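Have a look at the structure below, then the notes.
Values in this text are rule-based calculations from the coordinates and carry no lab data. Since we're looking at a predicted model, the values are computed, not measured. Note that we place each Cβ from the backbone using ideal geometry, even for glycine, and neighbour counts take in every protein chain shown.
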Amino acid sequence: METAYRDLTCGDARLSHVGREVALAGWVHRRRDLGQLIFLDLRDRYGITQVVIDRHDAPEAHTVGADVRTEFVVRARGVLAKRLAGTENAKLATGDVELRVQDLRVLSTAKTPPFPINEPDAEVDDALRLKYRYLDLRREPMQKRLLLRSRLVHAIREVHHAAGFVEIETPLLIKATPEGARDFIVPSRLQPGSAYALPQSPQQLKQLLMVSGFDRYFQIARCLRDEDLRGDRQPEFTQLDLEMSFVTEADVMAFVERMVIEVSRSVTPERPIANDPFPRMTYREAIDRYGSDKPDIRYGLELHSLADVAAGSGFRVFDETLDGGGVVYGFAAPGMAGAPRSRLDELTEDAKRHGARGLIWMALEEGGTIRSPIAKFLVEGRAAAIVAAVGAKPGDLVLIVAGDDIHAQEALGRLRVDCAARLGLGDPDVLSYLWVNRFPMYQWDADGHRWDATHNPFSGVLPEDEELLATSSGDPSDPSPGDPAGRARALQYDIVLNGWELGGGSIRIHRRELLERSFLLMGHSEKAQREKFGGILEAFEYGPPPHGGIALGIDRWAALLTYQTNIREVMAFPKTQSGTDLMLEAPSPVDPALLDELGLALKPRKKPDA
């Protein structure tokens, strides 16, 4: 790391360097003025070294040091010495030595920062951190997270190159295609009236690379989606994108699993991986057992169907729900039987917020007594049967939701996650990877009167379900909610980590006629298919190989590896929840001359009527 300004970084100095004359350069982390002696902690991204300026030994340097303040950038030259016995700092890798300064030069001054840089645990308003992100990035927590992210990407590249993958960059100016979110568009100056779209993902491009014969492609890809933001979403994000030819679902999953294990152990060797190989479950099993297609399996709290014991119970909600084709599910929250009424009311409101019509609870008290507001409505012995069906023990609280299939499980599943967080369940150090597959191929869009792909419009279908890609009328351009297509299962697989969807992929449809049939079910007429997907449909006339792949979110992976719940904590320059860049003040008004050149006009959005 030697340059014209420094011989060592601020994290390099060791006892082996004692006696050497060296130069260090960095930011003043802390300053202590004791009169004759001035102590500076000099910091760069590699570490901190203590610098000592003695007025008797270096009067000119002492004069300079008297005016230095925190976050000034300085160059200090002197001799490295062993610290006096008892003054060592075991918290620093450089804590056995110090630089006895002979010359000190200020390279740049600094105003007082809007928040402390040298206090990593200081509470700082998020908006302030984003406005002064370049200062936030100087702080130790942010630097550690971004350095881990860099190691993550490096390890990913190493594994893929070793496995014969070719790294290929795909363009950012492409044609708009429907992939589940709104596109960001870029108007073309050279072709007035036309626009490019920024890629939601390189989906079609990587499939075209398979048609091109590259066999194994990967890319650390930038993706952009105009969608509502949350903790695991940003308008622009980075994903590991890969595609493979002549593979089955098992082939892709096997490679990705070994890659994920190797990368995880390389980047975070101290964190245990819960299962090797990763558990696998179908979408239906995940919904029925955990109420989620991305379940956190570091803890139990499994859901149980109560249809058998709730049927004919005498409780109207159960009976009417089951008679109407709905479901009744419940789980046991350990040790919560004594929860006060206020907490039970909170749980009920949480369940409603998650989409349930209501919440039913039963407390199994230590003496075996069952306390519940519905106990008086149940036929004899039914309350005990329900409690037994969910595996409750004395002291547990049974939570039950009745409603439509899947929706009831999902509402209860979100309540499961809430309870686990409150109970402190799930080892935060453990990396619990999981595969979920056999997703429904489509979901019905009543407003659009069409089938929508649940994940990716290019996903393949299980061979035994291919005949289901049809309509009841026999006309694929006239779908209805009762079509057999609703029962088709996709060759889709998601990889989950600690309750987050880390990535998703599929074996693709590579036969043009089958892809066209699927597009018709999704409401794309033959004309619309030519307009939106003409390039890939034509390419499929020239010998496309069977292929499949996956995309994993780099931001999500880095966040989970660094114990974060928001991906902006591992992004250098993220946006706010409203998509604003507070640091660069974007988005911003556009120069009218540029709009004229592009033939554009920006219209303000109409406010809804009061």
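Treating the beta-carbon of each Lys and Arg as +1 and of each Asp and Glu as -1, no other charges, what is the dipole magnitude of the stretch 15-108 about its Cα centre, to the nearest 20 debye?
On the way: 15 positive and 13 negative charges, 43 e Å.
Dipole size: approximately 200 debye.
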Task: Global form of the stretch 281-358, assessed from the alpha-carbon gyration tensor, a/c cut-off 1.5 - done: oblate
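Per-residue counts of other Cβ atoms within 10 Å, averaged by peptide: what ranking do you get for 57-70, 365-378, 503-516, highest first? Show your work: numbers first, answer last.
Values: 57-70: 16.4, 365-378: 13.2, 503-516: 20.2.
Output ranking for 57-70, 365-378, 503-516: 503-516, 57-70, 365-378.
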- [ ] Would you mind checking which residues have amide H under 5 Å from residue 97's amide H? H placed 1.01 Å from N; only 5 or more apart, or other chain.
- [x] 83
Open item on the list: What are the extents of the Cα atoms of the stretch 15-108 along their three principal axes, in Å, largest first?
Closed with: 30, 29, 23
- [ ] Report the extension gain between residue 525 and residue 343 in nm, rounded to one decimal, defined as 0.36 nm multiplied by the number of residues separating them, less their alpha carbon distance.
- [x] 60.2 nm
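Applying a 10 Å radius around every beta-carbon, put 428-436, 544-552 in order of their mean neighbour count, most first.
Values: 428-436: 18.2, 544-552: 21.7.
Descending packing order for the listed peptides: 544-552, 428-436.
Using a 10 Å cut-off on Cβ atoms, rank the peptides 318-328, 491-501 from the highest mean neighbour count down. Intermediate values should be presented prior to the final figure.
Working: 318-328: 16.7, 491-501: 22.3.
Going from most to least packed, we get 491-501, 318-328.
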- [ ] Mind checking the full-extension length gain between residue 182 and residue 280? Use 0.36 nm per residue of separation minus the Cα-Cα distance, one decimal, nm.
- [x] 32.1 nm
TODO: Evaluate the relative contact order of the stretch 299-423 (contact order divided by residue number), counting alpha-carbon pairs under 8 angstrom at least 6 apart; express in whole percent.
DONE: 37
Task: Relative contact order of the chain, defined on C-alpha pairs under 8 angstrom at six or more residues apart (%) - done: 13
TODO: Enumerate the calculated ³J(HN,Hα) couplings along the stretch 334-351 in order (Karplus 6.51 cos²θ - 1.76 cosθ + 1.60, θ = phi - 60°), each rounded to whole Hz, writing x wherever the residue is Gly or Pro.
DONE: x, x, 9, 4, x, 4, x, 4, 4, 5, 5, 5, 4, 4, 5, 5, 4, 4
Task: Part-to-part distance (alpha-carbon centres) for the stretch 55-95 and the stretch 444-471, which is given in Å - done: 68
Task: Pairwise label distance in nanometres, residue 122 with residue 166, each label 7 Å out on the Cα-Cβ vector - done: 5.2
Task: Distance in nm between pseudo-label sites at residue 3 and residue 514 (7 Å out along the Cβ direction from Cα) - done: 5.5
Open item on the list: Give me the extension gain from residue 379 to residue 271: residue separation times 0.36 nm, minus the current Cα-Cα distance, reported in nm with one decimal.
Closed with: 33.9 nm
Open item on the list: Just to confirm my numbers, what's the Cα centroid distance between the stretch 392-425 and the stretch 229-294 in Å?
Closed with: 25
Task: the stretch 299-423 - Rg (one decimal) and Dmax (whole number), Cα, Å - done: 13.1, 36
Open item on the list: I need the phi-derived Karplus couplings for the stretch 167-172: 6.51 cos²θ - 1.76 cosθ + 1.60, θ = phi - 60°, integer Hz, Gly and Pro marked x.
Closed with: 8, 10, 8, 10, x, 9
Open item on the list: Quick check: Cα centre of the stretch 515-534 to Cα centre of the stretch 194-223, how many Å?
Closed with: 20
Task: the chain: antiparallel DSSP beta bridges as a percent of all, rounded to 5 - done: 90
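Once you order the gyration tensor axes a ≥ b ≥ c over the Cα atoms, which shape class does the stretch 222-291 get: rounded for a/c under 1.5, otherwise prolate or oblate by comparing a/b with b/c?
Numbers: a/c = 1.32, a/b = 1.22, b/c = 1.09.
Note, shape of the stretch 222-291 comes out rounded.
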Task: Correct choice for mean projected area of the Cα convex hull in nm² that was computed from the model, options (1) 38.0; (2) 31.2; (3) 43.6 - done: (1)
- [ ] May I ask you to evaluate 6.51 cos²θ - 1.76 cosθ + 1.60, the Karplus curve with θ = phi - 60°, for each residue of the stretch 465-474 and list the ³J(HN,Hα) values in order in whole Hz, giving x for glycine and proline?
- [x] 9, 4, 5, 7, 6, 8, 9, 5, 7, x
Open item on the list: What number do you get for the stretch 551-610 when its Cα radius of gyration is normalised by 2.2 N^0.38 Å, N = residues?
Closed with: 1.70
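From the cross-link list 206/527; 352/575; 131/603; 82/111; 144/206; 575/603, which pairs have alpha carbons spaced over 26 Å apart?
Numbers: 206/527 24 Å; 352/575 31 Å; 131/603 28 Å; 82/111 33 Å; 144/206 33 Å; 575/603 23 Å.
From 206/527; 352/575; 131/603; 82/111; 144/206; 575/603, over 26 Å: 352/575; 131/603; 82/111; 144/206.
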